[in-house]
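K.L.:
Pasting a structure here, questions to come.
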There are 2 protein chains.
Amino acid sequence: MAENPPSGKQTLAEGRHLNFVVRNGWEFVERRNISGIVVVIGTTNHGCLVLVTQWREPVKAWVVELPAGLAGDVPGSEKEALAEAAKRELLEETGFEASSMEPVLTGPPSPGISDEVVTFFRARGLVRSSRGGGVSEENVRAHAVPLSGLSDWLATVQARGMLVDPKVYAGAYVVRKEMDEWMYE
Amino acid sequence: MAENPPSGKQTLAEGRHLNFVVRNGWEFVERRNISGIVVVIGTTNHGCLVLVTQWREPVKAWVVELPAGLAGDVPGSEKEALAEAAKRELLEETGFEASSMEPVLTGPPSPGISDEVVTFFRARGLVRSSRGGGVSEENVRAHAVPLSGLSDWLATVQARGMLVDPKVYAGAYVVRKEMDEWMYE
């Protein structure tokens, strides 16, 4: 076996969606064939945060998450803009459409094991226009949760065995910060 | 090649720290030989949040994160309690010791691609007792950032090319919520 130079990347396995690689002594997975990952912090005009629940086989549980998805993963739309992907994923997963969609945060959720960097969009004025539920084999349920009762709602679903993706709290931080800024303006 | 039953797990590659597997059509990585993952939301009595920055090869960038680490990954301490791991990681990475350490949140940061579930600990009364910096080849820098200037600090380091792990905002949410509850009590 030829020795790789220290800076070289070695692919240990190629999957359909992920490659498992080692580079400079770090083992991690790379997403294949995407141009970005989008997450949507969406609220209705009635003070609800729109969340989704779906089965996540890697953790063998139903997980509460912000609506999210991949950009550029649909053949023919490899150059899809992130804001367009955010609108598409929001509609596909939840059936909601937003009156505005702005990028607010970017960051890597698991930088020790993955090359993923996600972009959070702030979506306002959400109105339900269709059923949602995800495409093909996805089985996504949408929930419009009053912000004033978010902690209680999350506690209830966790008591039933669901897990909560920490990005939900990052989204709650963004919304709460806006409310505080508005209060003290 | 023998066909796996639909519910079976197939290991596509075994690394030193991660296994790359497929189960029920989902590709993901599993952590090897750990009992948990801990993240520390630690504040000093002077209103600072303790953060770390370190190079993360998977995203080829310096990343701002909450202090964090693996439990049970040290031979001989496979049954290490999560709270003990949180104290150890906080001290190793930052040199800070806490007067209290309580679990506050649990969740999967990347449930589509990893079996990781992290436990967030709320640490109070942080005082610096040693240099920190991580063990062996780790190169971790600690920062005590005033909560009142957190957004500005994060904007500044991002302008220099650093990335911010979204779990930092989840931690900020926990601390801000406490402050609000205290204000309105």
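The values are calculated or read from the model by the stated rules, or taken from the named source; none is laboratory data. Fair warning: this is a prediction, and the values are worked out from it, not measured in the lab. Neighbour counts are summed over all protein chains in view; Cβ atoms, including those assigned to glycine, are modelled from backbone coordinates with ideal geometry.
K.L.:
Being among the hydrophobic types (A, V, I, L, M, F, W, C), without any contact (Cβ under 8 Å) to a residue 24 or more places away in the chain and either under 22 Å from B:E57 (Cβ atoms) or loosely packed, with under 15 Cβ neighbours inside 10 Å (or both) is the filter here; which residues of segment B:150-165 pass it?
P.N.:
First pass over segment B:150-165, keeping only residues among the hydrophobic types (A, V, I, L, M, F, W, C): B:150, B:153-155, B:157, B:159, B:162-164.
Add one more test, that the residue is without any contact (Cβ under 8 Å) to a residue 24 or more places away in the chain, and what stays is B:153, B:155, B:159.
Selection gives B:A155, B:A159.
K.L.:
Would you check which residues across segment A:108-133 are part of a loop (DSSP other than H, G, I, E, B) and farther than 26 Å from B:W62 by Cβ and list them?
P.N.:
The first filter runs over segment A:108-133 and keeps only residues part of a loop (DSSP other than H, G, I, E, B), leaving A:108-113, A:115-117, A:125-126, A:129-133.
Across segment A:108-133, the qualifying residues are A:G125, A:L126, A:S129, A:S130, A:R131, A:G132, A:G133.
K.L.:
Tally time: how many residues in segment B:71-107 are in a strand (DSSP E or B) and either at pLDDT 95 or above or acidic (D, E) (or both)?
P.N.:
So in segment B:71-107, the residues in a strand (DSSP E or B) come out as B:71, B:96-97, B:100-107.
Filter once more, keeping what is either at pLDDT 95 or above or acidic (D, E) (or both): B:96-97, B:100-107.
Number of matching residues: 10.
K.L.:
Still on this structure, I have one more. Here is a check on your reading of the model: is A:V168 in contact (Cβ under 8 Å) with a residue 24 or more places away in the chain, surrounded by 20 or more Cβ atoms within 10 Å (Cβ to Cβ) and either of a type in the set (A, V, I, L, M) or assigned by TED's automatic domain parsing to the domain that holds A:T11 (or both)?
P.N.:
Numbers: in contact (Cβ under 8 Å) with a residue 24 or more places away in the chain: yes; surrounded by 20 or more Cβ atoms within 10 Å (Cβ to Cβ): yes; either of a type in the set (A, V, I, L, M) or assigned by TED's automatic domain parsing to the domain that holds A:T11 (or both): yes.
Here the answer is yes, as A:V168 does meet what is asked.
K.L.:
Also, quick follow-up: Pull up segment B:70-121, narrow it to residues that are within 13 Å of another protein chain (Cβ to nearest Cβ) and aliphatic (A, V, I, L, M), then point me to the one that is surrounded by the fewest Cβ atoms within 10 Å (Cβ to Cβ).
P.N.:
B:V104
K.L.:
What's the number of the only condition in (1) surrounded by fewer than 19 Cβ atoms within 10 Å (Cβ to Cβ); (2) of a type in the set (G, A, S); (3) within 18 Å of B:Y169 (Cα to Cα) that A:G47 fails to meet?
P.N.:
(3) is the only condition that A:G47 fails.
Okay, residues lined up against (1) modelled with pLDDT of 95 or more; (2) on the phi > 0 side of the Ramachandran plot; (3) not aliphatic (A, V, I, L, M):
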residue: B:F120; (1), (2), (3): yes, no, yes
residue: B:R124; (1), (2), (3): yes, no, yes
residue: B:V127; (1), (2), (3): yes, no, no
residue: B:G132; (1), (2), (3): no, yes, yes
residue: B:V135; (1), (2), (3): no, no, no
residue: B:H143; (1), (2), (3): yes, no, yes
residue: B:L150; (1), (2), (3): yes, no, no
residue: B:Q158; (1), (2), (3): yes, no, yes
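K.L.:
Just need a number here: residues in segment B:122-149 that are under 21 Å from B:N33 (Cβ atoms) and surrounded by fewer than 15 Cβ atoms within 10 Å (Cβ to Cβ). Can you show your working first?
P.N.:
If we filter segment B:122-149 for residues that are under 21 Å from B:N33 (Cβ atoms), which is where we start, we get B:134-138.
If we keep only those that are surrounded by fewer than 15 Cβ atoms within 10 Å (Cβ to Cβ) too, we end up with B:135-138.
Going through segment B:122-149 one residue at a time, the tally reaches 4.
K.L.:
Within segment B:135-180, which residues are away from every other protein chain (no Cβ under 13 Å) and either under 13 Å from A:L105 (Cβ atoms) or in contact with a helix residue (DSSP H, G or I) (Cβ under 6 Å, 6 or more places away or on another chain) (or both)?
P.N.:
B:V135, B:A142, B:V145
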